[in-house]
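The values are calculated or read from the model by the stated rules, or taken from the named source; none is laboratory data. As the structure is a prediction and not an experimental result, all values here were calculated from the model. Virtual Cβ from ideal backbone geometry, glycine too; neighbours counted across all protein chains shown. All accessible areas refer to the heavy atoms of the entire protein, side chains included, with ligands and DNA or RNA removed. Shrake-Rupley method; radii C 1.70, N 1.55, O 1.52, S 1.80 Å.
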Amino acid sequence: DQQVKQNSPSLSVQEGRISILNCDYTNSMFDYFLWYKKYPAEGPTFLISISSIKDKNEDGRFTVFLNKSAKHLSLHIVPSQPGDSAVYFCAAFDRGSTLGRLYFGRGTQLTVWP
Amino acid sequence: EPEVTQTPSHQVTQMGQEVILRCVPISNHLYFYWYRQILGQKVEFLVSFYNNEISEKSEIFDDQFSVERPDGSNFTLKIRSTKLEDSAMYFCASSEVGLSQPQHFGDGTRLSIL
């Protein structure tokens, strides 16, 4: 199942700089996208979401951009903080055909160093 | 902040035995889900549950799996006759009514089959 892909397994960023995490999808029926953050020994924590009718959604330091034509979304974290170090998962679903079956990417390990 | 609670955090079971994983979803949520993550692999959808019945299940969710909401607060996943390949982290999630409501996850149960 390769419907959601995160091609970068890891990303290392200096504190205060921007972190950009990328995600691609193949299913054109996906119309709702979410980012989750996961610390070791914890479950995924919801961060931010975006509907396919928008191309940007912002919440504090976190902004998600959606490019439907490219089937690509990205999560920007500005400024990055050491506490942001975690695995970030991109997830998607098709609201027209499911109550909420999320498809996840493999995740990107973000490390923010001082 | 309300959270999804899962017990136990770690379950070790002999192959062929039955296991029940327990979850207490967030109290005003009406949609419930189970996902699993085999070590090194993606988080995968197992089943969604609404209005006391299964809404959707994946190809993984075969006859050895079942879900139940035995009372007003618990949501359980039963695996009838465990196999070695059932070893994984099992995450419960819940969401409010509405297709654009994010799913909130518990911290998971690590299931180890010997």
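Laid out as a table, the results:
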quantity: Tally, over the stretch B:71-113, of residues that are out of contact with any Cys (no Cβ under 8 Å at 6 or more places or on another chain), open to solvent by 10 Å² or more (accessible area, probe 1.4 Å) and more than 14 Å from chain A (Cβ to nearest Cβ); calculated: 12
quantity: Number of the exception - A:Asn27 against (1) within 14 Å of chain B (Cβ to nearest Cβ); (2) part of a strand (DSSP E or B); (3) in contact with a Lys or Arg (Cβ under 9 Å, 6 or more places away or on another chain); calculated: (2)
quantity: Any hit, the stretch A:4-11, residues being within 25 Å of B:Cys92 (Cα to Cα) and buried (at least 18 other Cβ atoms within 10 Å of the Cβ); calculated: yes
quantity: Close pairs from the stretch A:41-65: first away from chain B (no Cβ under 14 Å), partner assigned to a loop (DSSP other than H, G, I, E, B), Cβ under 9 Å, at least 6 apart; calculated: A:Asp55/A:Lys68; A:Arg61/A:Val78; A:Arg61/A:Pro79; A:Arg61/A:Ser80; A:Arg61/A:Gln81; A:Thr63/A:Val78; A:Phe65/A:Asp55
quantity: Count - residues of the stretch B:40-60 that are among the acidic types (Asp, Glu), crowded, with 16+ Cβ neighbours inside 10 Å and more than 13 Å from A:Leu99 (Cα to Cα); calculated: 1
quantity: All positions within the stretch B:21-39 that are in contact with a Lys or Arg (Cβ under 9 Å, 6 or more places away or on another chain) and exposed (fewer than 13 other Cβ atoms within 10 Å of the Cβ); calculated: none
quantity: Every residue from the stretch A:35-63 that is under 14 Å from A:Thr108 (Cα atoms) and either open to solvent by less than 50 Å² (accessible area, probe 1.4 Å) or assigned to a strand (DSSP E or B) (or both); calculated: A:Trp35, A:Tyr36, A:Lys37, A:Lys38, A:Pro44
quantity: Of all residues in the stretch A:89-110 being open to solvent by 10 Å² or more (accessible area, probe 1.4 Å) and part of a strand (DSSP E or B), the one that is farthest from A:Phe30 (Cα to Cα); calculated: A:Gln109
